Amino acid sequence: MQLFLGTVLSSLWERAPLQTFLLLSAILLILAQYLQRKRQHLNYPPGPPGLPIVGNFFQMDYKNPKIHVQKFTKKYGNVFCMHVRNLTFIMVTGLPLIKEVLVNQDYVFIDRPHAPIISHIFKSLGLIMSNGQGWKEQRRFALMTLRNFGLGKKTLEDRIREEARYLTDAIREEKGQPFDPHFQIKNAVSNIICSITFGHRFEYHDSQFRELLKSLDDVSVLSGRWESQLFNMFPWIMKFLPGAHQQLFREWKKLETFVENVVKQHKEDLNPEETLDFIDAYLKELSKDNIHSSFNEKNLIFCTLDLFLAGTETTATTLRWALLYMALYPEIQGKIQAEIDWVVGQSRQPTMADKENMPYTNAAIHEVQRMGNVIPFNVPRVATVDTTVAGYYVPKGTMMMTNLTALHRDPNEWATPETFNPEHFLENGQFKKRESFLPFSTGKRVCLGELLARTELFLFFTCLLQKFTFQPPPNTQLSQDFRYGLTLSPVSYKICALPRAM
Ligand code: HEM
């Protein structure tokens, strides 16, 4: 049949290429409309009509997805549907619907989708992209081990404060001259999760570790490229074609090899009497020899990689936004410094106990997270059974995205949604929690590192502002431009860190 069609088409093409092209386009359009009507008939959420095979691929803005998401939300409402080849995904907007998906129907949407690119990189292992019993076991173990290594306790707080001292020393070395704080911040943040997982920190001048952080950065940027999205559609072709996705795989492999070597070293040095870090704790779990559990060496490597990736990228990006906003809003920076001086002074480092006496600083950190919005559409979920959302039919296997961007910029919720304004989190001078603020998501799959991230953000931020005033370099206009990847991050910028007079 295919051969017959192919022969007919090629002879038509030879005789009348233009007419054949028009005929084919008309057939494709009719087919697209037919599929669209079929979807409406089944009460699928509305959405832009797509082309056969490629679906809505060409209607998406890969550099700034906010643009097409905003456009389609305006046109089709708070639940709209798009598809790219055989992947169908739905975007929900607005707090009630986000809660419906992440909280009320948490067990329906508990799993992650297995789009080709996700399966290729994460192999359905680890913490972020695993599902089912394996995910439950790994998440429980990771949470317990993080607590055993000081999460929520003084020991980890002291570790972060010590790292903040290294960071302030490194920034002081810049002598108030313009510099890009990207890698110093990334190194400092990464050292916290590295000391929990690998058992040690890395010097800021360690060129090998710098290379690794660069790979992490590349992984984040390259995942947002259109070639990586094309891999989701045609993995069997894209596997052989050059492009950003191939570099993404190479950079990820470098990270994987690094962790494999660290695990190998830990196996050689393992002392049954001592558990020094996450890898040691996991190796001991492996020695329990429960063949039915999800604990195995491959999963150890992927859990460690996930902690390294998630524990570095998001928090470091948030802190980069924080310094940028401080330089852009000197008055707000001045108020935060006044609060730090009043509550902490200059003779000691800030501690977590200071937080409750520092409502303005706490509000400013929340505002950095609202404006920075580092995970704009949350990490995707998938419907594990057929269900309905807002009355629309959502079949099993549909990818579900939750629109945190619209939530964090909702003009009905925030007085000045597009402007940095810590007052959003204050009431009568006291810190006020906001329901429409979900940077760590919510429900059973909420960010596993939320407590760690909050502790790091507060301590790094206050320690830096205690010692420096951040300013744009002379005659320079700092921009709030961003780049999309695994996280939404500011484009590289240079800044001056002027030591504060003591
Ligand atoms: C400002 C910093 C951070 C932000 C904004 C953030 C945000 C998020 C979000 C939105 C999710 C998806 C949750 C969902 O699907 O509902 C997530 C998942 C996750 N985060 Fe974070 N995160 C941050 C820091 C961290 C840190 C420091 C760690 C390190 C321990 C971490 C580890 C994870 C892991 C392992 C997951 C996957 C959880 C699962 O699927 O069960 N995150 N994070």
Checklist entry - For residue 483 and residue 180 in one chain, what is 0.36 nm times their gap in residues minus the Cα-Cα distance, to one decimal in nm? => result 107.5 nm
Item to check | Over the stretch 57-499, relative contact order from alpha-carbon pairs under 8 Å, at least 6 apart, % | outcome: 26 percent
Checklist entry - Does the stretch 173-221 classify as rounded, prolate or oblate by the C-alpha gyration tensor (a ≥ b ≥ c root eigenvalues; a/c under 1.5 gives rounded; else a/b over b/c gives prolate, otherwise oblate)? => result oblate
Checklist outcome for this item: The long-range amide H neighbours of residue 204, using H built 1.01 Å from N in the peptide plane and a cut-off of under 5 Å, are none
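Net charge near residue 191: determine it from the other residues with C-beta under 10 Å of the C-beta of residue 191, scoring Lys and Arg +1 and Asp and Glu -1.
Working: positive: 159, 186, 201; negative: 162, 163, 203.
After counting each charged neighbour, the total is 0.
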Item to check | Extension gain, residue 106 back to residue 416 (0.36 nm per residue minus Cα-Cα distance, nm) | outcome: 108.4 nm
Item to check | Using a Förster distance of 35 Å, the FRET efficiency for residue 205-residue 67 (Cβ separation, nearest 0.05) | outcome: 0.30
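Considering only the other residues whose Cβ falls under 12 Å of the Cβ of residue 63, what net charge follows from Lys and Arg at +1 and Asp and Glu at -1? Could the numbers behind the result be given before it?
Working: positive: 66, 225, 483; negative: 61, 481.
Once all neighbours under 12 Å are counted, the net charge is +1.
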Checklist outcome for this item: Exposure-ranked with fewest Cβ neighbours within 10 Å first, 241, 404 stand as 241, 404
Checklist entry - Straight-line reach from residue 153: which lysines have a Cα under 27 Å away, not including same-chain ones fewer than 8 places off? => result 136, 186, 284, 355, 432, 433, 444, 467
Checklist outcome for this item: Between the Cα axis of helix 132-148 and the main Cα principal axis of the chain, the angle (0 to 90°, nearest 10) is 10 degrees
Item to check | Under-5 Å amide H pairs with residue 432, H placed in peptide plane, nonlocal only | outcome: 426, 427
Item to check | Degrees, to the nearest 10: 2-15 long Cα axis against longest axis of the chain | outcome: 80 degrees
Item to check | Computed label-point distance, nm, for sites residue 239 and residue 498 using a 7 Å Cα→Cβ extension | outcome: 5.8 nm
Item to check | In order through the stretch 445-451: 3J(HN,Hα) via Karplus (6.51 cos²θ - 1.76 cosθ + 1.60), integer Hz, x for Gly, Pro | outcome: 10, 3, 3, 6, x, 4, 5
Next on the checklist: Under the rule a/c < 1.5 gives rounded, and otherwise a/b versus b/c splits prolate from oblate, where does the stretch 119-197 land using the Cα gyration tensor?
Outcome noted: oblate
Checklist entry - Does the stretch 229-355 come out rounded, prolate or oblate by the C-alpha gyration tensor, with a ≥ b ≥ c the root eigenvalues, rounded set by a/c under 1.5 and, if not, prolate when a/b is larger than b/c and oblate if not? => result oblate
Checklist entry - So how far, in whole Å, is the C-alpha centre of the stretch 241-315 from the one of the stretch 460-481? => result 36 Å
Item to check | Electrostatic dipole magnitude of the chain [Cβ: Lys, Arg +1; Asp, Glu -1; Cα centre; debye, to 20] | outcome: 1360 debye
Checklist entry - Helix 297-328 sits at what angle to the longest principal axis of the chain, using alpha carbons and giving 0 to 90 degrees rounded to 10? => result 70 degrees
Checklist entry - In what sequence do 159, 348, 165 fall when counting other Cβ within 10 Å, fewest first? => result 348, 165, 159
Next on the checklist: Give me a comma-separated list of calculated 3J(HN,Hα) values for the stretch 87-103, in order, Karplus coefficients 6.51, -1.76, 1.60 applied at θ = phi - 60°, integers in Hz, x for any Gly or Pro.
Outcome noted: 9, 10, 9, 10, 10, 10, 10, x, 4, x, 6, 4, 5, 4, 6, 8, 10
Item to check | Residue-by-residue Karplus 3J(HN,Hα) for the stretch 50-56, coefficients 6.51, -1.76, 1.60, Hz, glycine and proline x | outcome: x, 7, x, 6, 7, x, 9
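Taking the beta-carbon count within 10 Å as an exposure proxy, list 355, 264 from fewest neighbours to most. Walk me through the numbers before you get to the answer.
Values: 355 19, 264 11.
So the residues, fewest neighbours to most, are 264, 355.
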Checklist entry - Taking the Cα centre of the chain as the origin and placing charges on Cβ (Lys, Arg +1; Asp, Glu -1), which of 325, 70, 138 is farthest toward the positive end of the dipole? => result 70
Checklist outcome for this item: Whole-number value, in Å³ per residue, for the convex hull of the alpha carbons of the chain is 182 Å³
Checklist entry - Projected onto the charge dipole of the stretch 57-499 (+1 at Lys/Arg Cβ, -1 at Asp/Glu Cβ, origin at the Cα centre), which of 103, 262, 79 gives the Cα projection farthest towards the positive end? => result 79
Item to check | 5 angstrom amide H check on residue 44, placed H, neighbours 5+ away | outcome: 393
Item to check | Neighbour net charge for residue 158 - beta-carbon separation under 15 angstrom, K R +1, D E -1 | outcome: +2
Checklist entry - Sorted by packing (mean other beta-carbon atoms within 10 Å per residue), highest first, where do 58-71, 314-327 land? => result 314-327, 58-71
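None of the figures in this text is laboratory data; all of them are computed from the coordinates on show. This is a predicted model, so every value here is computed, not measured. Cβ sites come from the backbone with ideal geometry, for glycine too, and all protein chains shown count toward neighbours.
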